[in-house]
Amino acid sequence: MNDQPFLDKVDALEFYVGSAKHWAYFHKNAMGFDMVGYSGPETGVRDRVSYLMQQGEVKIKLTSFITQDSEIGNHFKVHGDGIKDISIRVEDVDESVAAIEKRGIVKPGKISKIETGNGKLRASVIRSYGDTVHTLTDYSDYNSELPPGYDYVESRGKSSGIKKIDHVVGNVEDSKMDYWVNYYVKGLDFKQLISFDDKDISTKYSALRSKVVHYNNRKIIFPINEPALGLKKSQIQEFLDYYNSPGAQHAALLTDDIIKTVSQMKERGVEFLPTPPSYYETLKDRVGSIDEDIEKLKKLDILVDRDEDGYLLQIFTKPMGDRPTFFYEIIQRKGGTSFGKGNFKALFESIEQEQAKRGNL
Ligand code: FE2
């Protein structure tokens, strides 16, 4: 029997948050997502409200609790706002589950089936790092992009040019990175992409180790970080301390015009990490010639990195919630297939300035 789970791509990110309404407002009005679905008491769901947001192929569910005894409320109390579910689309959930069981490392949950007027949606939940899960979702007998329990809403944002999810990064505990790489590679048939050690990604103060796993020709990319020792606390350890467990650190959203995307988001109130001005003085020496005007990049704090395949442009938001945990990355790839290793130093210096302001450095 086959032991390939035939995963397709990331289907959606579901956040458990303290106030879904406000997160939805921000995703729509600051980040340019459309609100396309709503689920709550009005749609027959008694214990939660959830907004389905979409931009390009990116689907985000923003879910909050409305009752006292709630799994979502408990999750929020422990972790604050964060990603609960990085769901993955599969062609045939029976085959996927059988293949994963055969591989013997990951235990898929019982296959659930929800029938609505749109057909049957079938899914199985697998647990990943911390309280994070992957819901393997099979749409093959289901005729709608709207999940069960959601009503269609048409509330359009002004698109900022986001096309799809490029990668989703997990932060795990010290010395657990290889455990989770094995979980994805041996348990789910992912391939490992590259690795670099903490000498590559460190500043004077804090460091991390990172490995990248991917599936289906990079349609699904999950880098995994663990803290490494520096003179002061690693930013990964700060995440773990505030999230109270491993969890999703950032999701990178792909655009094909980062200058437009970031200009628009900044105008509408999305806060990005500042970049030290000195970064741009040495940029040309580091990455060679690029199509973009460096002055424009500097004005917007956009970072550039080059690898053997080309270059990429990227920028990181400040944390999206109250705790210094989850943030977004905006990324544009111009041939570059890596993740901005050369920018870690510049990024770290910037993150550490913020960390120092919070008294955690
Ligand atoms: Fe990233």
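The values are calculated or read from the model by the stated rules, or taken from the named source; none is laboratory data. Not measured: the values here are computed from a predicted model. Note: ideal-geometry Cβ built from the backbone for every residue, glycine included; neighbour counts use all protein chains shown. The accessibility values were calculated without ligands, DNA or RNA, using every heavy atom of the protein model including side chains. Shrake-Rupley method; radii C 1.70, N 1.55, O 1.52, S 1.80 Å.
One line per residue, one yes/no per condition, for (1) within 16 Å of the ligand (Cβ to nearest atom); (2) more than 27 Å from Arg46 (Cβ to Cβ); (3) out of contact with any strand residue (DSSP E or B) (no Cβ under 6 Å at 6 or more places or on another chain):
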{"residue": "Ala123", "(1), (2), (3)": "no, no, no"}
{"residue": "Asp131", "(1), (2), (3)": "no, no, yes"}
{"residue": "Thr137", "(1), (2), (3)": "no, no, no"}
{"residue": "Pro148", "(1), (2), (3)": "no, no, no"}
{"residue": "Asp151", "(1), (2), (3)": "no, no, no"}
{"residue": "Ser155", "(1), (2), (3)": "no, no, no"}
{"residue": "His167", "(1), (2), (3)": "yes, yes, no"}
{"residue": "Asp174", "(1), (2), (3)": "no, yes, no"}
Considering residues that are out of contact with any helix residue (DSSP H, G or I) (no Cβ under 7 Å at 6 or more places or on another chain) and either closer than 17 Å to Gly187 by Cα or aliphatic (A, V, I, L, M) (or both), the number found within region 216-252 is 12
Residue set Ile114, Ile105; condition touching a strand residue (DSSP E or B) at 6+ places or on another chain (Cβ under 7 Å) and either touching a residue at least 12 places away in the same chain (Cβ under 8 Å) or surrounded by fewer than 21 Cβ atoms within 10 Å (Cβ to Cβ) (or both); output residue Ile114
Scanning region 159-200 for residues that are crowded, with 16+ Cβ neighbours inside 10 Å, at pLDDT 95 or above and in contact with a His (Cβ under 7 Å, 6 or more places away or on another chain) gives Val169, Phe190
*asked:* Please determine whether any residue of region 129-140 is touching a residue at least 12 places away in the same chain (Cβ under 8 Å), of a type in the set (A, V, I, L, M, F, W, C), open to solvent by less than 60 Å² (accessible area, probe 1.4 Å) and under 18 Å from Ile220 (Cα atoms).
replied: yes
With the structure loaded, tell me whether Arg46 is open to solvent by 30 Å² or more (accessible area, probe 1.4 Å) and assigned to a strand (DSSP E or B) or whether it fails that test. no
Of the residues in region 20-40, those that are closer than 21 Å to Thr67 by Cα and of a type in the set (Phe, Trp, Tyr) come to Trp23, Tyr38
Filtering helices (runs of 4 or more DSSP H) wholly in region 263-361 for at least 3 residues that are open to solvent by less than 70 Å² (accessible area, probe 1.4 Å), hydroxyl-bearing (Ser, Thr, Tyr) and away from the ligand (no atom under 16 Å from the Cβ) gives 278-281
Of the residues in region 246-262, those that are open to solvent by 20 Å² or more (accessible area, probe 1.4 Å) and either farther than 24 Å from His22 by Cα or away from the ligand (no atom under 15 Å from the Cβ) (or both) number 4
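A quick yes/no check of all residues on (1) in a loop (DSSP other than H, G, I, E, B); (2) surrounded by fewer than 18 Cβ atoms within 10 Å (Cβ to Cβ); (3) charged (D, E, K, R):
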{"site": "Gln4", "(1), (2), (3)": "yes, yes, no"}
{"site": "Lys9", "(1), (2), (3)": "no, yes, yes"}
{"site": "Ala12", "(1), (2), (3)": "no, no, no"}
{"site": "Phe15", "(1), (2), (3)": "no, no, no"}
{"site": "Lys21", "(1), (2), (3)": "no, yes, yes"}
{"site": "Tyr25", "(1), (2), (3)": "no, yes, no"}
{"site": "Tyr51", "(1), (2), (3)": "no, no, no"}
{"site": "Gln54", "(1), (2), (3)": "no, no, no"}
{"site": "Gln68", "(1), (2), (3)": "yes, yes, no"}
